[in-house]
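The values are calculated or read from the model by the stated rules, or taken from the named source; none is laboratory data. None of the values given here were measured: they were computed from a predicted structure. Cβ placement follows ideal geometry from the backbone for every residue including glycine, while neighbour counts extend to all protein chains displayed. Heads up: the accessible areas ignore ligands, DNA and RNA and are worked out on the full protein's heavy atoms, side chains in. Shrake-Rupley method; radii C 1.70, N 1.55, O 1.52, S 1.80 Å.
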Amino acid sequence: MFQLISRILQKSVQSMSNCLLCGIDQQQYHSLCNDCWGHLPWLKQHIIRHEQQILCAHHYQFPIDRVILTYKYEQQLQYQNLLAHSLLNLRLPKVQAIVPMPISTQRLADRGYNQMLIIAKIMAKELNIPVWQPINREAQHSQKGLSRIERIENIENQFQIISTERRKYKKVLIIDDVVTTGSSIHALIQALNKLGCQQIYSACIAAAD
Ligand SMILES: [Zn+2]
């Protein structure tokens, strides 16, 4: 199975005008053919994490799980349209700006790009609103030996308001790739609240169980 997936992914790089998943049919929807787009593990529902509603496009299942991993860690940036349009395909709330989940400067240096910033830019263009990045993220300290409350505080401390940020938006949409516990979204919401945001929505590409 894994070999087949690798073959499909590799093939997709070679033939850009064919569907990125099956490599056979022509691209019709955001780099995919009609069939592959229709057969994605669509969820299109809110899930609740930390008493916060998060709108999720997909279940974290094949093939979206593989797509997200290779996009994020193997620089398979050809998936950016598919992932951005997975989010754009949701009933998104009307907001003034998109806030991509920040990554630490250390991660940024390792990876070379913030995968959600690229997606935020595509969405911003479609929705005709700005991308807003008012929060810095610091590298994560070890969560080892901490209580649940301490762990939450530890994550919240990673998200720091950029003091030179002058723009203020009241209604914003956070976007992230995979939601598991929802702790980072929760922490980002706390930071945005401190900045004066009043309506903060969140959308994720995939929800892990
Ligand atoms: Zn296809």
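Going residue by residue through region 160-171, is there one that turns out to be surrounded by 19 or more Cβ atoms within 10 Å (Cβ to Cβ) and at negative phi?
Yes: region 160-171 contains one or more residues that are surrounded by 19 or more Cβ atoms within 10 Å (Cβ to Cβ) and at negative phi.
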Scanning region 14-40 for residues that are in contact with a strand residue (DSSP E or B) (Cβ under 8 Å, 6 or more places away or on another chain) and touching a residue at least 24 places away in the same chain (Cβ under 8 Å), which turns out surrounded by the fewest Cβ atoms within 10 Å (Cβ to Cβ)?
Leu40
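Which residues, counting only those in region 169-183, are among the β-branched types (Val, Ile, Thr) and modelled with pLDDT of 95 or more?
Passing the criteria: Val172, Ile174, Ile175, Val178, Val179.
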Quick check on Leu9: is it hydrophobic (A, V, I, L, M, F, W, C), at pLDDT 95 or above, within 21 Å of Gln76 (Cα to Cα) and open to solvent by less than 70 Å² (accessible area, probe 1.4 Å)?
no
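Would you call Gln75 within 16 Å of the ligand (Cβ to nearest atom) and polar (S, T, N, Q)?
no
Any chance you could count how many residues in region 78-135 are open to solvent by 50 Å² or more (accessible area, probe 1.4 Å), of a type in the set (S, T, N, Q) and closer than 23 Å to Gln28 by Cβ?
Filtering region 78-135 for residues open to solvent by 50 Å² or more (accessible area, probe 1.4 Å) gives 80-81, 89, 91, 94, 96, 105-110, 112, 121, 125-128, 133.
Checking the rest, the ones that are also of a type in the set (S, T, N, Q) come to 80-81, 89, 96, 105-106, 128, 133.
Still in the running and closer than 23 Å to Gln28 by Cβ: 80-81, 89.
Qualifying residue count, region 78-135: 3.
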